[in-house]
Amino acid sequence: MIGDHRSWTLALCGLSFVLTACGSSEPAKSAPPAKVAAGVTEASLTTITLTAAAAARLGIETAVIAARGVTRTRTLGGDVVPAGGAQSTVTAPVAGTLEAAGGTSSIGTTIAKGTTIMRLVPLAPAERDVRVEAERAANEAAGRQTLAAQRAQRATRLAADGAGSRRAAEEAQADLVVADAALRAAQDRLALASRGVSASGAVALNAPADAVLQAVHAGPGQTVAAGAPLFDLVRLDTVWIRVPLYAGDVDQIDRRTAARIVPLGAPGTAAGISAAPVTAPPSADPSTAAVDLYYAAANPAGALRPGQRVGVRVPLVAAAQSLVVPAAALLHDAYGGTWVYEARDGHVFVRRRVSVSDIVDGLAVLDQGPPSGTRVVVAGAAELFGTEFGVGK
């Protein structure tokens with residue numbers, strides 16, 4: 001029994017020793033999968049220190065990031081449409097057959113005001129009969145006037161010789177005055193009947209204004225009814241821009257201020273074309289919950305075409321305080337990142353990332369960037385960019 005007790009005591013002591021030894025030992029650490037040596041921060045990679053001579057040679061100029069109240073804009077999509085009243089359709093005044101006018105009538109051609117596009121030979125002889133009747137009346141009036149002039153001349157000569165009475169001479173002169181008036185009236189009627197009608201009786205169909213021939217509904221040789229549409233004209237010296245806008249955002253747009261029209265894909269610094277707001281017939285699209293805004297833009301060179309999609313920078317009502325910096329300070333890397341160079345004392349320049357939300361009057365509005373009061377490089381920023389990446393002098 002004493003031996004068994006001693007055996008259990010030794011066994012318990014050995015177990016206690018093993019547990020104590022396991023508790024005091026530390027587990028072995030596994031090796032990390034990767035090791036970064038000599039790690040550096042982004043700031044240390046984008047810091048440039050120039051000598052005074054180098055800074056002078058690059059022509060470094062700086063500006064201060066400031067908080068300013070700017071009128072923000074929002075860029076929306078718009079499409080070019082003809083201005084109100086700019087489209088017109090020329091119709092046939094009477095039933096007749098069309099004939100070519102000798103000029104061009106190709107769709108898309110710019111037609112000067114007064115240019116004859118087509119001629120219409122009336123089927124009914126009404127216009128031609130009026131002209132013929134006017135010619136006949138004018139010829140008869142001319143004959144009567146010639147006869148009255150001869151009688152007046154003869155009566156006057158006889159009265160002077162004493163072979164005729166003075167009363168007969170006066171009556172002949174009165175008949176001549178009446179014949180002259182009748183001849184003038186007949187000639188005026190003939191001129192009125194001949195206006196717009198060629199020798200063959202065709203009516204000239206002229207362009208009412210400088211415009212583009214948009215569509216042709218009938219061609220030479222076709223017979224058309226009275227009132228049938230012949231061709232469409234559209235004036236493009238001024239165009240409207242239709243801008244669909246979500247109905248919930250209408251109150252955010254300043255409708256009293258002009259917008260800027262820019263081509264699709266144009267950079268944020270593009271000036272664009274000024275377009276004044278206009279009052280147009282209200283229109284909306286219930287499927288997209290959008291209402292239409294309209295702006296008028298001058299288009300003397302015809303650069304804007306109906307149906308063309310453009311970008312429209314519309315001004316917002318609220319002028320919010322935002323951080324702004326001259327747009328000339330912005331730099332763009334190959335990955336689309338936007339940067340500025342912060343200018344520090346001792347000709348030290350640090351490249352700082354910024355996020356631009358808008359460009360207003362040559363100023364970049366920043367959503368994210370250095371705080372207000374930070375000096376940034378305006379002139380010479382591109383040279384610093386080249387110096388940093390080894391392509392500058």
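The values are calculated or read from the model by the stated rules, or taken from the named source; none is laboratory data. All values derive from a computational prediction rather than experimental measurement. Here the Cβ positions follow ideal geometry from the backbone for every residue, glycine too, while neighbour counts run over all protein chains shown. Accessible surface areas use protein heavy atoms only, side chains included; no ligands, DNA or RNA. Shrake-Rupley method; radii C 1.70, N 1.55, O 1.52, S 1.80 Å.
Just a few scattered comments:
- Within segment 96-115, the set of residues being surrounded by fewer than 15 Cβ atoms within 10 Å (Cβ to Cβ) and of a type in the set (A, V, I, L, M) comprises 100, 107, 112.
- Meets criteria (at pLDDT 85 or above, within 26 Å of residue 71 (Cα to Cα), outside any strand (DSSP E or B) and not aromatic (Phe, Trp, Tyr)) for residue 355: no
- Per this entry, residue 159 is counted among residues that are in contact with a helix residue (DSSP H, G or I) (Cβ under 8 Å, 6 or more places away or on another chain), modelled with pLDDT under 80, surrounded by 13 or more Cβ atoms within 10 Å (Cβ to Cβ) and not in a loop (DSSP other than H, G, I, E, B).
- Restricted to strands (runs of 3 or more DSSP E) entirely inside segment 243-311, those with at least 2 residues that are open to solvent by 30 Å² or more (accessible area, probe 1.4 Å) are 273-277, 290-298.
- Strands (runs of 3 or more DSSP E) wholly inside segment 45-95 that include at least 1 residues being of a type in the set (D, E, K, R), open to solvent by 60 Å² or more (accessible area, probe 1.4 Å) and touching a residue at least 12 places away in the same chain (Cβ under 8 Å): 61-64, 66-82
- Enumeration of residues in segment 344-355 that are more than 16 Å from residue 386 (Cα to Cα) and open to solvent by less than 50 Å² (accessible area, probe 1.4 Å): 354, 355
- Any hit, segment 357-380, residues being loosely packed, with under 13 Cβ neighbours inside 10 Å and in contact with a Gly (Cβ under 8 Å, 6 or more places away or on another chain): no
- Residue selected from segment 312-329 under the condition in contact with a helix residue (DSSP H, G or I) (Cβ under 8 Å, 6 or more places away or on another chain) and at pLDDT 85 or above, by the criterion surrounded by the most Cβ atoms within 10 Å (Cβ to Cβ): 329
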